[in-house]
1. What do you reckon, is residue 3 within 26 Å of residue 130 (Cα to Cα), modelled with pLDDT under 85 and either within 16 Å of the chain's Cα centre (by Cα) or surrounded by 16 or more Cβ atoms within 10 Å (Cβ to Cβ) (or both)?
2. Consider the range 95-129. How many of its residues are within 16 Å of residue 156 (Cα to Cα) and assigned to a loop (DSSP other than H, G, I, E, B)?
3. Within the range 135-155, how many residues are at pLDDT 95 or above and out of contact with any helix residue (DSSP H, G or I) (no Cβ under 9 Å at 6 or more places or on another chain)?
4. Consider residue 149 against the criteria (1) exposed (fewer than 14 other Cβ atoms within 10 Å of the Cβ); (2) part of a strand (DSSP E or B): it satisfies all of them except one. Which criterion is unmet?
5. Where the second residue is assigned to a loop (DSSP other than H, G, I, E, B) and surrounded by fewer than 15 Cβ atoms within 10 Å (Cβ to Cβ) and the first is at negative phi and lies in the range 90-112, which pairs have Cβ atoms under 7 Å and are six or more apart or on separate chains?
6. May I ask you to verify whether residue 92 is at pLDDT below 95, over 13 Å from the mean Cα position of the chain (by Cα), surrounded by fewer than 19 Cβ atoms within 10 Å (Cβ to Cβ) and part of a strand (DSSP E or B)?
7. If residue 125 meets every condition in (1) at pLDDT 95 or above; (2) more than 24 Å from residue 66 (Cβ to Cβ); (3) surrounded by 19 or more Cβ atoms within 10 Å (Cβ to Cβ) apart from one, which number is that one?
8. So which residues in the range 44-67 are closer than 20 Å to residue 122 by Cα and modelled with pLDDT of 85 or more?
């Protein structure tokens, strides 16, 4: 199964639910602060917040299925104690199969969807050191969503700039 951190524990799932956005939008409405390869750092001060919040983001679509896209977001929790990898998949994906991850041809495992909104369903994991290193050192990732138990759709994500972008995320 590769990195066990990709599959969330029950406690981590509860923590991720507590950290999930309270509105339906995955994409911050702020401004692009910097670009690192395929990744952008976007910052905004949400309503009611006292401090600016930033996230590293990339939006991608399946090459052969332009209607199937993902938003991949990396952010620090408000208390700066953890980093979260949050992926927004479109409605219509098969939830029990979860979201698969493959980096440079190696199966990393699956994350499970934790919440759905009008704009899609979220899978989240705590970005532990082994997964962070895999993504930072990798060249390309493929996130896999399922529309039927047998039909996985691979969506490529360019990892170029991931390490630099992560290092540039404000603490």
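The values are calculated or read from the model by the stated rules, or taken from the named source; none is laboratory data. Bear in mind the structure is a predicted one, so any value in this text is a computation, not a measurement. Counting neighbours? That spans all protein chains shown, and the Cβs are built from the backbone with ideal geometry, glycine included.
1. Details: within 26 Å of residue 130 (Cα to Cα): yes; modelled with pLDDT under 85: yes; either within 16 Å of the chain's Cα centre (by Cα) or surrounded by 16 or more Cβ atoms within 10 Å (Cβ to Cβ) (or both): yes.
The answer is yes for residue 3.
2. So in the range 95-129, the residues within 16 Å of residue 156 (Cα to Cα) come out as 99-110.
Adding the requirement that they be assigned to a loop (DSSP other than H, G, I, E, B) leaves 104-105.
Residues flagged as within 16 Å of residue 156 (Cα to Cα) and assigned to a loop (DSSP other than H, G, I, E, B) within the range 95-129 amount to 2.
3. 4
4. Against the list (1) exposed (fewer than 14 other Cβ atoms within 10 Å of the Cβ); (2) part of a strand (DSSP E or B), residue 149 comes up short only on (2).
5. 94/148; 94/149; 97/149
6. Details: at pLDDT below 95: yes; over 13 Å from the mean Cα position of the chain (by Cα): yes; surrounded by fewer than 19 Cβ atoms within 10 Å (Cβ to Cβ): yes; part of a strand (DSSP E or B): no.
Criteria not met by residue 92.
7. (1)
8. Restricting attention to the range 44-67, the residues satisfying the condition of being closer than 20 Å to residue 122 by Cα are 46, 53-62, 65-67.
Listed by number, the residues that qualify are 53, 54, 55, 56, 57, 58, 59, 60, 61.
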